[in-house]
Amino acid sequence: MKIVCLLASPRPKGNSATIAGWVCDEAEARGAEVQVFELNKMNYRGCQACMACKTNADRCVLEDDLTGVLDAVREADAVVVATPVYFGDVTAQLKGFIDRTYSYFVPDFLTTPTPSRLKPGKRLVFIQAQAQPDEQLFADIYPKYGLFFKFNGFQDNILIRACGVQAPDDAAAKPALQEQAKQAAGAIMGG
């Protein structure tokens, strides 16, 4: 099984990256091949609305550091996305990636029953770490972005939310999060 992990925090050892590391380590222990991308270390632009991916290409035509990431996600069986909450949303690093996934949609995606170029059945683990301890705040983030992943054929998706984690090692002090990560890895690996 091929897993792509997208770390969207500017802190390489922050809480979202810690939780993603637990998921990936467990998946590797179960035989997965894991490829990790630190989006903050890459140079790329968001979608340029050029529509080339809908007119004369079947992928994003921009050539930058995100090109390989988009290709890796295309080939992956599962994707782990890890983001802290910044100003009530995913980080700009992750939003830029998500905007570029517009290239995964077929030209007539609004009217066809199969809107995605990706093979169906990919799995998603979406990790959201927030300093705010109130679980009701920012609960709208995953449903909003998860919907786009579902449109692209991801199914049986898993959310891991870490609330009240701000200092870089706060997640490590919550054993329940590590257990959730282990269970998520088991689920995407099929048991």
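The values are calculated or read from the model by the stated rules, or taken from the named source; none is laboratory data. From a predicted model like this one, the values you see are computed outputs, not experimental measurements. Here Cβ is always computed from backbone atoms with ideal geometry, including for glycine, and neighbour counts include all displayed protein chains. The protein model used for the area step is the full one, side chains on, heavy atoms only, and it has no ligands, DNA or RNA in it. Shrake-Rupley method; radii C 1.70, N 1.55, O 1.52, S 1.80 Å.
Out of Ala8, Ala76, Ala27, Ala20, I need the residue that is touching a residue at least 24 places away in the same chain (Cβ under 8 Å), closer than 19 Å to Leu159 by Cβ, touching a Ser or Thr at 6+ places or on another chain (Cβ under 7 Å) and open to solvent by less than 30 Å² (accessible area, probe 1.4 Å). Which one?
Details: Ala76 fails: touching a Ser or Thr at 6+ places or on another chain (Cβ under 7 Å); Ala27 fails: touching a Ser or Thr at 6+ places or on another chain (Cβ under 7 Å); Ala20 fails: touching a Ser or Thr at 6+ places or on another chain (Cβ under 7 Å).
Just a single option satisfies the conditions, and that option is Ala8.
Would you check which residues across region 109-120 are open to solvent by less than 80 Å² (accessible area, probe 1.4 Å) and either farther than 14 Å from Asp58 by Cα or part of a loop (DSSP other than H, G, I, E, B) (or both) and list them?
First, the residues of region 109-120 that are open to solvent by less than 80 Å² (accessible area, probe 1.4 Å): 109, 112, 115-118.
Once the filter is applied, which keeps residues that are open to solvent by less than 80 Å² (accessible area, probe 1.4 Å) and either farther than 14 Å from Asp58 by Cα or part of a loop (DSSP other than H, G, I, E, B) (or both), region 109-120 yields Phe109, Thr112, Pro115, Arg117, Leu118.
So, in region 137-152, how many residues would count as being assigned to a loop (DSSP other than H, G, I, E, B) and either exposed (fewer than 15 other Cβ atoms within 10 Å of the Cβ) or aliphatic (A, V, I, L, M) (or both)? Quick ask: steps written out before the conclusion?
Initially, region 137-152 is screened for residues assigned to a loop (DSSP other than H, G, I, E, B), giving 137-140, 152.
Remaining after also requiring either exposed (fewer than 15 other Cβ atoms within 10 Å of the Cβ) or aliphatic (A, V, I, L, M) (or both): 137, 139-140.
Going through region 137-152 one residue at a time, the tally reaches 3.
Can you pull out the residues in region 158-191 that are within 30 Å of Pro115 (Cβ to Cβ) and crowded, with 18+ Cβ neighbours inside 10 Å?
Residues satisfying the conditions are Ile158, Ile160, Arg161, Ala184, Ala185, Ile188, Met189.
Table: residues versus (1) charged (D, E, K, R); (2) farther than 25 Å from Met1 by Cβ.
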{"position": "Ala52", "(1), (2)": "no, yes"}
{"position": "Thr91", "(1), (2)": "no, yes"}
{"position": "Thr112", "(1), (2)": "no, yes"}
{"position": "Leu118", "(1), (2)": "no, no"}
{"position": "Asp134", "(1), (2)": "yes, yes"}
{"position": "Phe138", "(1), (2)": "no, yes"}
